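Notes for the one structure printed next.
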Amino acid sequence: MASRFNEWLNGLSPGRLSLALAASFAAAHGVYYLWGIRFDDTPLLWFWQYSDPQLLKVKLLESVFYMHSQPPLFNLFLGAVLKITAGDGRYVFQGVYLAAGLTLYLSLFWLQVKLGVSRGLAFATSGLFMLSPSFILYEHWLFYTFPVAALLTLSAFLFYELVTTRRGWAAVAFFATSFLVCGVRHVFHLAYYVVVAGAVVVLCAGARKKVLLAAAVPFAVLFSFYAKNYVLFGQFSASSLGGMYLWEMTGYFLSPEERAALGADGKLSPVTAVPAFSELGRYPPAFAEDTRFAGVDALTQPNKSTGPNNYNHLAYVAISRVYMKDALAVVRYRPRAYLRGLLRSWFMYFRSSSDYASGVRFLDEAGNQSRISYVERFYDYFFYGKVPLGPPLTRVFALFNLKCPPYAYLYLVIWLPLLVYYGFRLVLKRDAAAAAGLSREQRLTALYVCFNVIYVALAGTMFNWAESNRMRFLSDPLYVALLGVFVQHFLVRNVRAPLGK
């Protein structure tokens, strides 16, 4: 049955097969819709990453230009939708996210096929991921996590096309996609773009001029984001709030005795008595006395028109710098506190990406997570290996003065590192690549996939302990692609071949 289905898939042209995949995507989403899944646009009203919706509607360009807390592109997208829909953009947002979902699904399927995975296996792995609670929940949640995951997966597919064909359209599409990733999520730093672009230029001998031209314009625009922030706010970065993130990774894991000792020695400022990301009124009034941008609402409003605190207020630039200084002092004088944060962050990284809660069940604001709780439990136990934690690990956490979580996802702890190891093995060992029948272009694409998986893992765990599993979702499709390659090239070769199949 499986072989016949694979033969049917092989008989379809790429265009017809993509239409068949789109039909399966539509059918699955129809079932989830009947199940009660609806798009959740409530983050627009209160998430700190977003500018005031009213300002996005009436002062879009000004608000985006003076945004220092985040890269500008996602807020530009939000504001553009609010403008063209007169403020009610829910259905446009939903349409864009469904398009992103289809893009992610198709990109993941064709990426695996390009890496030598059979169409039948690629259909199975891509389909299981598309049906997963994480995919559906993030796809129906107005946050940048899902679009960036789709763009990152698309970039891997385009990377293969670029290093294989070296055509101009592939270069333009690849660098445009990379630009969007960097312009939406600040963790994809300008340096990330430079490293990727430099590597592609080196790899595309004979087409370097074409590649350089395709990379130059996105780089110039991306660089302008950083340069603008440096000129206006004295900080060459896409986000000014890195100090508060790092303080959460360090200061939050100080024991009371360690905190008191550092404070007595003058290593910590009084600001650290206030939790990071607190409302502006909890900080000393001196921070809000900078009047350089008195006429800019995006920088001077203490609160948004919807009520929540405005974290793009100019005062947070200085506040975050204080937190950064204190966080670095913790790293220097009490490194064990940072190690505690890293341990907690890595443990969170290996949790299901739908098991995401930071004091609030963000993914269940519209009731979506509750509606598919049975599917979520099935994936948690059957695919991710959710198990309760016993005394041995409790003692390990106790050594670091941390409370041991009640459960872990055993299969994720085992499989995710194994897949990265196997991917690098195919890239670095020619005998392994030859046995798998991989071309140079396929090996380079596998390297690009592994690079992004590791980049996301490090960026997601070094500066944020509470949401590293949400950050990992950006690379979850790439893990799925590596799984397809592993099953196709390792299990088939080492299990079926000895049986004479």
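Determine the relative contact order of the chain: mean sequence separation of Cα pairs under 8 Å and six or more apart, normalised by residue count, in whole percent. Spell out each step's value before the answer.
Values: 644 pairs, mean separation 102.5, N = 501.
Computed over the chain, the figure is 20 percent.
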_Suppose each label sits 7 Å from its Cα in the direction of the beta carbon; what would the Ile454-Ala199 distance come out to in nanometres?_
0.9
_Regarding region 23-64, what's the average projected area of the Cα-atom convex hull, expressed in nm²?_
4.7
*Quick one: if the Förster radius is 22 Å, what FRET efficiency do Arg377 and Ser255 give, using the C-beta to C-beta distance and rounding to 0.05?*
0.05
_On the Cα set of region 190-311, report Rg and Dmax in Å, please._
20.9, 62
*asked:* Suppose each label sits 7 Å from its Cα in the direction of the beta carbon; what would the Ala294-Val96 distance come out to in nanometres?
replied: 3.6
*About the Cα centre of the chain, how large is the charge dipole given +1 on each Lys and Arg Cβ and -1 on each Asp and Glu Cβ? Please answer in debye to the nearest 20.*
1520
*For Leu82, what charge total do you get from the other residues with a beta carbon under 15 Å from its beta carbon, if Lys and Arg give +1 and Asp and Glu give -1?*
+1
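Using only alpha-carbon positions, what ratio does the radius of gyration of region 1-154 give when scaled by 2.2 N^0.38 Å? Before the final figure, lay out each step's value.
On the way: Rg = 18.3 Å, N = 154, 2.2 N^0.38 = 14.9 Å.
Its radius of gyration relative to the 2.2 N^0.38 Å reference: 1.23.
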*Take the Cα of Val58, step 7 Å along the line toward its Cβ, and report every residue of region 269-305 whose backbone nitrogen sits under 17 Å from that point.*
295-305
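Could you give me D for region 279-393, from Stokes-Einstein at 4 °C and 1.567 mPa s, where the hydrodynamic radius is the Kirkwood radius over C-alpha pairs? Units µm² s⁻¹, please. Walk me through the intermediate numbers first.
Working: Rh = 18.5 Å.
In µm²/s, the coefficient rounds to 70.
Only helices at least 27 Å long along their axis, Cα-based, and averaging 1.0 or more on Kyte-Doolittle count here, so list those DSSP H runs from the chain. Don't skip to the answer; put the middle values down first.
On the way: long enough: 14-34 (30 Å, 0.89); 90-114 (35 Å, 0.88); 145-165 (30 Å, 1.49); 208-233 (36 Å, 1.06); 315-333 (28 Å, 0.69); 410-428 (28 Å, 1.85); 440-462 (33 Å, 0.75).
Those that clear 27 Å and a mean of 1.0 are 145-165, 208-233, 410-428.
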*Taking region 158-233 as the region of interest, what is the percent of Cα-Cα pairs per 10 angstrom bin, listed from the shortest bin to the one with the maximum distance?*
20, 52, 22, 6, 0
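Run the numbers for Thr103 and Leu212: contour at 0.36 nm per residue of separation, minus the present Cα-Cα distance, in nm. Don't skip to the end; give the middle numbers.
Details: separation 109, 0.36 × 109 = 39.24 nm, distance 2.63 nm.
Difference between extended and current length: 36.6 nm.
Does region 303-353 come out rounded, prolate or oblate, given a ≥ b ≥ c as the square roots of the eigenvalues of its C-alpha gyration tensor, rounded meaning a/c under 1.5 and, failing that, prolate meaning a/b above b/c?
Numbers: a/c = 4.92, a/b = 1.38, b/c = 3.56.
It is oblate, given that a/c is not under 1.5 and a/b is not larger than b/c.
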_Volume of the Cα convex hull of region 88-197, divided per residue and given in Å³_ = 110
_region 1-143, dipole about Cα centre (Lys/Arg Cβ +1, Asp/Glu Cβ -1), debye to the nearest 20_ = 340
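Taking R0 as 45 Å, what's the FRET efficiency between Phe236 and Arg4 from their Cβ-Cβ distance, rounded to 0.05? Before the final figure, lay out each step's value.
On the way: r = 58 Å, r/R0 = 1.29.
Plugging the Cβ-Cβ distance into 1/(1 + (r/R0)^6) gives 0.20.
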*Just add up the charged neighbours of Pro302: K/R +1, D/E -1, any other residue whose Cβ is under 15 Å from the Cβ of Pro302.*
-3
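Against the 2.2 N^0.38 Å scaling, with N counting residues, where does the chain land? I'd like the Cα-based Rg ratio to two decimal places. The partial results should precede the final answer.
Details: Rg = 23.7 Å, N = 501, 2.2 N^0.38 = 23.4 Å.
In units of the globular-protein estimate, the chain measures up at 1.01.
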*Along Cα→Cβ, 7 Å out, is where each label goes; now give me the distance between the ones at Tyr421 and Thr42 in nm to one decimal.*
4.3
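Quick note: the coordinates plus some simple rules give every number you see, no bench work behind them. Worth saying up front: this structure is predicted, and the values here are computed from it rather than measured. Ideal geometry is used to build each Cβ from the backbone, glycine not excepted, and the neighbour counts take in all protein chains shown.
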